[in-house]
Amino acid sequence: MNISCMIPARIGSQRVKLKNLRLINGKPLISYIIETAIESKSFDDIYINSDSLIFKEIAEQYGIKFYKRPEIYATNTASNDDFALDFLQNTKCNTLIQLLPTSPFISTDEINQFIKYMIENKLDTLVSTTDVQIESIYKGQPINFEIMEHTLPSQSLEPIKAYACGIMGWNRKNYIENMEKYNCAYHGANGKVGYFPLKGFSTVDIDNEEDFMIAEAIANGMDTSPSKVEYYK
């Protein structure tokens, strides 16, 4: 089974300028997920998928591949459905694993376990999720609690599974078939879909300036020894 890793990295960014190239603790944001992908030893090929040749330079520095996406898939209206289809139509693999550079703290073990889970369960699509175990509302209506009932401790609530998005997996054949038939494939469409939980730092998703501040603090903290656990006496 040929497994390819695709790291999408558009040069443009509406909320944070040059997001994927911005330094965190001295190195570009995209470097974190590249290094983790390489260290996982799970992939036959690792690609940066971008509209900008500056990412080709970074790919060459790491000894990985570069895929130049067409300009039509480089706008802020281009969807993941479309640029992943373009990639699959022009490269060879059986399974595509997408890793986002905006989720820099996913671990090698999580990547390996994600792929193992997808293969063992013969899934067409595997989505990374995070459990939100707090009262949640959708369009003004409660999802996991009852307004007319006594409030429960949060640990007793049914968790809401929100997309973590940092790692996604697709079967190539099923993805292309879904795009041809339904013009959508990201969420699984017509196929066997599974969900893989992430937690802790792995769920960090960098979209704005505040997220960069959090990521910088995490990256700096990872370079220091854990503090001793102490309690108020």
- Item | In the range 124-170, residue nearest to the chain's Cα centre (by Cα) [restricted to those that are more than 28 Å from Gly191 (Cα to Cα) and among the acidic types (Asp, Glu)] | Glu135
- Pairing a residue in the range 152-173 that is without any contact (Cβ under 8 Å) to a residue 40 or more places away in the chain with any residue that is acidic (Asp, Glu) and outside any helix (DSSP H, G or I), where Cβ atoms lie under 6 Å and the two sit 6 or more apart in sequence or on different chains, gives Pro159/Asp131
- Item | Every residue from the range 123-151 that is free of Cβ contacts under 8 Å to residues at least 12 places away in the same chain and acidic (Asp, Glu) | Glu146, Glu149
- List the pairs whose first member sits in the range 52-67 and is within 16 Å of Met6 (Cβ to Cβ), whose second member is part of a strand (DSSP E or B) and polar (S, T, N, Q), and whose Cβ atoms are under 6 Å apart, counting only residues at least 6 apart or on separate chains? Tyr67/Asn49
- Can you name the residue in the range 32-47 that is in a helix (DSSP H, G or I) and of a type in the set (A, V, I, L, M, F, W, C) and, of all such residues, is surrounded by the fewest Cβ atoms within 10 Å (Cβ to Cβ)? Ile38
- Message: Restricting to the range 34-78, count the residues that are farther than 22 Å from Asn90 by Cβ and among the aliphatic types (A, V, I, L, M).
- Response: 1
- Task: Please determine, by comparing only the residues of the range 66-97 that are out of contact with any Phe, Trp or Tyr (no Cβ under 8 Å at 6 or more places or on another chain) and buried (at least 16 other Cβ atoms within 10 Å of the Cβ), which one is nearest to Ile115 (Cα to Cα).
- Result: Cys93
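Which residue out of Lys233, Lys173, Lys192 is closer than 25 Å to Ile106 by Cα and either modelled with pLDDT under 95 or surrounded by 11 or more Cβ atoms within 10 Å (Cβ to Cβ) (or both)? Full working, then the answer.
Working: Lys233 fails: closer than 25 Å to Ile106 by Cα; Lys173 fails: closer than 25 Å to Ile106 by Cα.
Result: Lys192 is the single residue among Lys233, Lys173, Lys192 that is closer than 25 Å to Ile106 by Cα and either modelled with pLDDT under 95 or surrounded by 11 or more Cβ atoms within 10 Å (Cβ to Cβ) (or both).
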- Note on the structure: Val229 fails exactly one of (1) under 21 Å from the mean Cα position of the chain (by Cα); (2) among the aliphatic types (A, V, I, L, M); (3) part of a loop (DSSP other than H, G, I, E, B); (4) more than 18 Å from Ile30 (Cα to Cα), namely (1)
- Note on the structure: Picked from the range 1-31 (must be part of a loop (DSSP other than H, G, I, E, B) and in contact with a helix residue (DSSP H, G or I) (Cβ under 6 Å, 6 or more places away or on another chain)), the residue surrounded by the most Cβ atoms within 10 Å (Cβ to Cβ) is Ala9
- Query: So Glu120 fits all but one of (1) surrounded by 11 or more Cβ atoms within 10 Å (Cβ to Cβ); (2) under 30 Å from Phe87 (Cβ atoms); what number is the exception?
  - Reply: (1)
- Single residue of Gly140, Gly200 found to be more than 26 Å from Thr108 (Cβ to Cβ) and either in contact with a Ser or Thr (Cβ under 7 Å, 6 or more places away or on another chain) or surrounded by fewer than 16 Cβ atoms within 10 Å (Cβ to Cβ) (or both): Gly140
- Item | Per-region count, the range 83-122, residues within 18 Å of Asn174 (Cβ to Cβ) and either in contact (Cβ under 8 Å) with a residue 24 or more places away in the chain or in a strand (DSSP E or B) (or both) | 21
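Matching residues to (1) under 15 Å from the mean Cα position of the chain (by Cα); (2) modelled with pLDDT of 95 or more:
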| site | (1), (2) |
| --- | --- |
| Met6 | yes, yes |
| Gln14 | no, no |
| Leu18 | no, no |
| Lys27 | no, no |
| Asp45 | no, yes |
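The values are calculated or read from the model by the stated rules, or taken from the named source; none is laboratory data. Since the model is a prediction, treat every value here as computed from it, not as a measurement. When we count neighbours, we look across all protein chains shown, and the Cβ atoms used for this are built from the backbone with ideal geometry, even at glycine.
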